[in-house]
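Asks: For reference, the structure I am asking about is given below.
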Amino acid sequence: MFYVYVIESQKNSDLYKGFTSNINNRLKEHNAGMNESTKKHRPWKLVYCEIFLDKEDAILRERYLKSGWGRGYLEKVLKNYHRNKK
């Protein structure tokens with residue numbers, strides 16, 4: 001299985017989107033500073049995840065979520081999460 005995920009920086013609320021075959025290990029790697037893109041914004045919290053059976057489908061979905069349309073989609077999906085966070 002492959003996971004497309006969104007994590008949120010607990011430091012500055014930035015969102016990072018990615019995909020992996022092991023979501024638990026990947027989150028640990030982000031929080032351990034093993035990813036240059038997320039190292040400075042630790043700690044991270046998982047806020048959204050989708051599961052795929054096919055790697056190519058997961059890659060395409062990750063690309064979509066990083067696009068303008070995808071960012072708009074995530075804004076709608078996470079609307080209540082962000083509202084309840086305040």
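What follows draws every value from the coordinates through simple rules; no lab data is involved. On a predicted model such as this, the values are computed, not experimentally measured, just so you know. So basically every Cβ, Gly included, is an ideal-geometry build from the backbone, and we count neighbours across all protein chains shown.
Asks: Looking at segment 1-61, which GluC sites (Glu not before Pro) are in a loop (DSSP not H, G, I, E or B) and have at most 12 other Cβ atoms within 10 Å?
Replies: Here the GluC sites (Glu not before Pro) that fit, given the DSSP loop and packing criteria, are 36.
Asks: Over all directions, average the projected area of the Cα convex hull of the chain and note it in nm².
Replies: If you wrap the Cα atoms of the chain in a convex hull and average its projections, you get 5.5 nm².
Asks: Quickly work out the residue 66-to-residue 45 label distance, labels modelled 7 Å from Cα along the C-beta direction, and quote it in nm with one decimal.
Replies: 2.5 nm
Asks: Suppose a student asked you for the relative contact order of segment 8-55, using Cα pairs under 8 Å spaced at least 6 residues apart; what percent would you report?
Replies: 44 percent
Asks: Moving on. Find the relative contact order for segment 2-85 and round it to a whole percent, using C-alpha pairs within less than 8 Å whose residues are 6+ positions apart.
Replies: 33 percent
Asks: In whole Å, what are the extents of segment 1-46 along the principal axes defined by its C-alpha atoms, from largest to smallest?
Replies: Taking max minus min along each principal axis of the Cα atoms, segment 1-46 gives 30, 17, 14 Å.
Asks: What value, in deg cm²/dmol to 500, does the helix sum -39500 (n - 2.57) over DSSP H runs of n ≥ 4 give at 222 nm once divided by the residues of the chain?
Replies: Theoretical 222 nm ellipticity from helices: -12500 deg cm²/dmol.
Asks: Separate question: Whose amide H sits under 5 Å from the amide H of residue 47, counting only residues 5 or more places off or on another chain, with H placed in the peptide plane?
Replies: Here the answer is 6, 7, 8, since their amide H atoms fall under 5 Å of that of residue 47.
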